[in-house]
Amino acid sequence: MKGWLLPFLLFTACHYKEKAEPPKPSYPVKVASSIQRDAPLYIETLGHVDSITSIQMKSRIEGELTGVYFQQGQEVQKGDLLFTIDPRPYEAALKEAQAALEENLADLALAGEKVKRYRVLAKDEYYSQIDYETLQANYAATSALVEQDRARVDSALINLNYCWIYAPIDGMMGLLQVDYGNLVANDGNTLSNLNQMAPIYVTFSIPECQLHRIQKYRKTGVLKVLSAYENFQDEVFEGTLYMMDNSVDKNTGMITLRALYENKNRELWPGQFVRTRLVLTTIPNAILIPYTAIQLTQNGPVVFVVRKDSTAEQREITLGQREDDNVVVLKGLTAHEIVVIEGQLNLHEGARVKIK
């Protein structure tokens, strides 16, 4: 009996031990590797695109709009003819002013001859002094009329030249506000808008607490400004910081800045809103991980690092700036470490993991 009892007891003890200490579970997780590369240090905000020069094309005279020499949305060059207004009334006004000038020039010549002829006679008292002074006054009055007529000729010529409206800058025409054949006047109504498209501004504002950082890095050289429609993984446009406003808005605590873009391909459009990043400097050899790896605790941000034996290590880290889907880690990680980016809620220090 003793021969078979001992093996039975040993078997029972082993079986009981296995039930008492079940194997540790493995938690399925997704992971990513930390990477090392240069990362920009920037201030991100929302900006809007502005034309450097935006002109409302208006008439300075009254008349019939007799010509429109562009297509709506067409790019024009400086000096291109845009509109014509019926010049005939102004040509007639110019001829009338020129005729009055010629008439008064003739009167001036006669008045000057009389003054010249009677000067000696009046000096020798062969001609009344009062009559001679009357001749002088007539000459002065006629001379004034001539100057007045010349001013009228100049004014009529200016008005005549206003009948042809030319593009003052290179730019793109907007919608036509007045159709061909309508009567236009100097009443402030706009015929069309002309916007400069290249180069172009992006205007944005930042909190005043960031001002000292910009001033610090601006001393080292020209600062780069990036703009994008929605995100910075797709198409990105590069410009440079052009100017800062000379004061902080005391109502909002913001300061306005402008960046200059070449915009050769017309990617940026006046009035458009864009995401904007003012790049202050570049952080060399920065460590980056996906932002989803971060867990926030009372002691600060932590990540779970997967060891070589497939166990998790909870590690405190110091975060830097977020860059799209990644974040810069200033302290706590090195390059090429494996961090958990999904499934952290089940993990604890030393937990076994199974990479999906």
Yes/no for residue 278 being in the same structural domain as residue 210 (by TED's automatic domain parsing), touching a residue at least 60 places away in the same chain (Cβ under 8 Å) and buried (at least 19 other Cβ atoms within 10 Å of the Cβ)
yes
Given the criterion in the same structural domain as residue 29 (by TED's automatic domain parsing), in contact with a Lys or Arg (Cβ under 8 Å, 6 or more places away or on another chain) and of a type outside the set (Val, Ile, Thr), identify the matching residue among 313, 349.
313
If you take the residues of the stretch 284-303 that are touching a residue at least 60 places away in the same chain (Cβ under 8 Å) and in a strand (DSSP E or B), which of them is surrounded by the most Cβ atoms within 10 Å (Cβ to Cβ)?
287
Exactly one of (1) assigned to a helix (DSSP H, G or I); (2) more than 22 Å from the chain's Cα centre (by Cα); (3) at pLDDT 95 or above; (4) surrounded by 13 or more Cβ atoms within 10 Å (Cβ to Cβ) is unmet by residue 217. Its number?
(2)
Quick one: would you say residue 181 is touching a residue at least 60 places away in the same chain (Cβ under 8 Å), surrounded by fewer than 14 Cβ atoms within 10 Å (Cβ to Cβ) and closer than 19 Å to residue 68 by Cα?
yes
Taking the stated definitions as given, is residue 272 among the polar types (S, T, N, Q) and in contact with a His (Cβ under 7 Å, 6 or more places away or on another chain)?
yes
Does at least one position in the stretch 254-271 carry a residue that is in contact (Cβ under 8 Å) with a residue 40 or more places away in the chain, in contact with a Leu (Cβ under 9 Å, 6 or more places away or on another chain) and in a loop (DSSP other than H, G, I, E, B)?
no
So for the stretch 259-274 (the condition being within 19 Å of residue 50 (Cα to Cα), β-branched (Val, Ile, Thr), in contact with a strand residue (DSSP E or B) (Cβ under 8 Å, 6 or more places away or on another chain) and surrounded by 15 or more Cβ atoms within 10 Å (Cβ to Cβ)), does at least one residue qualify?
yes
Residue in the stretch 227-234 that is closer than 26 Å to residue 262 by Cα, loosely packed, with under 13 Cβ neighbours inside 10 Å and modelled with pLDDT of 95 or more present
no
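The values are calculated or read from the model by the stated rules, or taken from the named source; none is laboratory data. Note that the structure is a prediction, hence the values are computed from the model and not measured. Methodologically, a virtual Cβ is constructed for each residue, glycine included, from the backbone with ideal geometry; neighbour enumeration extends over all protein chains shown.
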